[in-house]
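Below is one structure, written out as C-alpha cells; comments come after it.
Laboratory data are not the source of any read-out in this text; all were calculated from the coordinates shown. Treat the numbers as computed from the prediction; the structure is a model and nothing was measured. Cβ placement follows ideal geometry from the backbone for every residue including glycine, while neighbour counts extend to all protein chains displayed.
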Amino acid sequence: MNLRCFILSLLLITLLSTGGFAQNASTTQGASEFDAELAKKLGADEIGMKHYVLVILKTGPNDGSVEGKEREDIFAGHMANIGRLADEGKLAVAGPFSKNDKGFRGLFILNVATVEEAQKLTETDPAVKAGIFVADLIPWYGSAALMATPEIHKKITKPMP
C-alpha cells in the first residue's frame, strides 16, 4: 500500500468512525443535534472538519546505532513529549505501527494549520533529534472530533503503578 492509499484509508476510517457519512439528522432516528459549543471547542468548521498535519515517523539513519540505557532514555523522552503535546492541545492522535516493510514506525496527527508549525513540534521529539526517527509531514483535513481523543484516552487508560 503506498502512502497516498494509506492516507486515503485513514481519512475514510476517520469519517466512518466519526459520522462523516451520517444521514441527515432529521431523517435519522436518535441522531444528536448540532452542538455549536462543542464544535467551537474542537475547532470545527461548518461541516465538522479542521486542518491538521499528519506526521509519519519512519526509521531514521541512527536507529541501529543507539542502544541500551541511551535508547531507553530517548524513548522515555519520546513518550513524555507525546504527553506534553497532547496536554498542550497540539496532538490529536499518536501511535505506533506494527512491523512493516515501509519503515513506518508511528504517526502523529498534530493540531496545527501548517507544516512549518508541525516541523517545529516534531523537532522537539528526542527520537527525532537522535535520528532514530525521521518525519514526513503532510497537510491533512479530518474530523474535528479527533480533538476529543486525548481527553477520552486519559479516561480509559489505567494508572501506572
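Remarks
- One quarter of the surface of the convex hull around the alpha-carbon atoms of segment 39-156 equals 7.9 nm², the direction-averaged projected area.
- Cα-centred dipole magnitude for segment 39-156, charges only on beta-carbon of K, R (+1) and D, E (-1), debye, nearest 20: 300
- Extension gain, GLU33 to ILE152: 0.36 nm times the residue separation minus the Cα-Cα distance gives 40.8 nm.
- Under the combined filter of DSSP loop state and at most 10 neighbouring Cβ atoms within 10 Å, segment 76-137 retains these trypsin sites (Lys or Arg not before Pro): LYS99.
- Relative contact order of segment 75-161, taken over Cα pairs closer than 8 Å and 6 or more residues apart, is 31 percent.
- Given +1 at the Cβ of Lys and Arg, -1 at the Cβ of Asp and Glu and no other charges, the dipole of segment 31-71 around its Cα centre is 240 debye to the nearest 20.
- The stretch between THR59 and ARG71, if pulled fully straight at 0.36 nm per residue, gains 2.9 nm over its current Cα-Cα span.
- The slack between ASP45 and LYS99, meaning 0.36 nm per residue of separation minus the straight C-alpha distance, is 15.9 nm.
- Note on GLU117 and ALA80: their simple-model spin labels are 2.6 nm apart, each label 7 Å out from Cα toward Cβ.
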